[in-house]
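To keep things clear, I will list the structure first and then write my remarks on it.
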Amino acid sequence: MPTSKNLVRHVRTLLTAPVLLLTFAATLSAQTDPAILRKVDDHYNHLTSLRTHYRETYAGMGLTRSEEGTLLLKKPGRMRWNYAQPAGKVFVLDGKFGWFYTPGDSQAQRIPAKKLDDLRSPLRLLLGHTQLSKELDQITLTPVGTGTRIAGVPKGMEQRVKLLSLTVTPAGAIQQMRLEEIDGAVTEFTFSDMQENVPVKDSDFTFTPPPGVTTVEGISPI
């Protein structure tokens, strides 16, 4: 069973990734290249759902971790992370609650969505209550191979996040996302096999604890 502190950190990271994956185009200000702005915006601004394979690597707090699986996302406010490695691990946000469960645990953790949120959190952005164009500072562009690295610092998260960056293709598709935290922890996601605007149902984002598994209230972020 992950500790409350690690659970909070992991949930926050999961919430951040798809937010930027779907809507980061809006963060680019007038200082950025207009062509890449239009391309990223055109690619993601009108998405209503997304299915993609992801690989997640984490290094920090004396730990290293590598996981992968499938992310299913539906706007607004629903996501499902199905892990292939480790098999059966799942994080679900159903619009009201976030659920976190690892096979073999006797408990599934449930956290009210509103407790996953704060005034500047990525969940708030995902739910469409604000615009990312008003949330990032110090946006920069750097050529990376044939693509572009877009980086910035989320307003209101400066005490936790040192830098958020995306690597995008010339066509505006997001290939990687990297989160560098103030404490030195680094999480990186690589996305592949993207399927956009796929048919999804609200029932795809429900979670029912396995037989014998009890539900406990998780700890809200601090």
Exercise for the section: Kindly indicate the residue of the range 164-173 that is under 15 Å from Ala35 (Cα atoms) and in contact (Cβ under 8 Å) with a residue 24 or more places away in the chain and also surrounded by the most Cβ atoms within 10 Å (Cβ to Cβ) among those meeting that condition. Expected result: Val168
Problem - Number of the condition not met by Gly184 [criteria: (1) touching a residue at least 24 places away in the same chain (Cβ under 8 Å); (2) assigned to a strand (DSSP E or B)] - result: (2)
Exercise for the section: Output the residues belonging to the range 101-119 that are at pLDDT 90 or above and among the hydrophobic types (A, V, I, L, M, F, W, C). Expected result: Ala108
Problem - Close pairs from the range 198-214: first over 18 Å from Leu47 (Cα atoms), partner of a type in the set (Gly, Ala, Ser), Cβ under 7 Å, at least 6 apart - result: Pro209/Ala108; Val213/Ser106; Val213/Ala108; Thr214/Ser106
Handout entry: Selection status of Leu179, in contact (Cβ under 8 Å) with a residue 60 or more places away in the chain and in a strand (DSSP E or B)
Key = yes
Exercise for the section: Six or more apart or on different chains, Cβ under 9 Å: which pairs go from a residue in the range 142-158 that's closer than 14 Å to Arg178 by Cα and assigned to a strand (DSSP E or B) to one that's modelled with pLDDT under 80 and among the charged types (D, E, K, R)? Could you list them? Expected result: Thr148/Asp33; Gly152/Glu135; Gly152/Asp137; Val153/Asp137; Pro154/Arg120; Pro154/Glu135; Pro154/Asp137
Handout entry: Residue satisfying all of: in the range 126-141; at pLDDT below 75 and outside any loop (DSSP other than H, G, I, E, B); surrounded by the fewest Cβ atoms within 10 Å (Cβ to Cβ) among these
Key = Lys134
Exercise for the section: Could you tell me whether the range 55-67 includes any residue that is closer than 14 Å to Thr102 by Cα, part of a strand (DSSP E or B) and in contact with a Phe, Trp or Tyr (Cβ under 9 Å, 6 or more places away or on another chain)? Expected result: yes
Exercise for the section: Kindly indicate which of Thr52, Thr23 is under 24 Å from Leu141 (Cβ atoms), of a type in the set (Val, Ile, Thr), at pLDDT 70 or above and out of contact with any His (no Cβ under 8 Å at 6 or more places or on another chain). Expected result: Thr52
Practice task
Kindly establish whether Glu158 is surrounded by 12 or more Cβ atoms within 10 Å (Cβ to Cβ), modelled with pLDDT under 90, among the acidic types (Asp, Glu) and in contact with a helix residue (DSSP H, G or I) (Cβ under 9 Å, 6 or more places away or on another chain).
Solution key: no
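The values are calculated or read from the model by the stated rules, or taken from the named source; none is laboratory data. Nothing here was measured: the structure is a model prediction, and the numbers come from that model. Because the Cβ atoms are built from the backbone with ideal geometry, glycine has one as well, and the counts that use them run over all protein chains shown.
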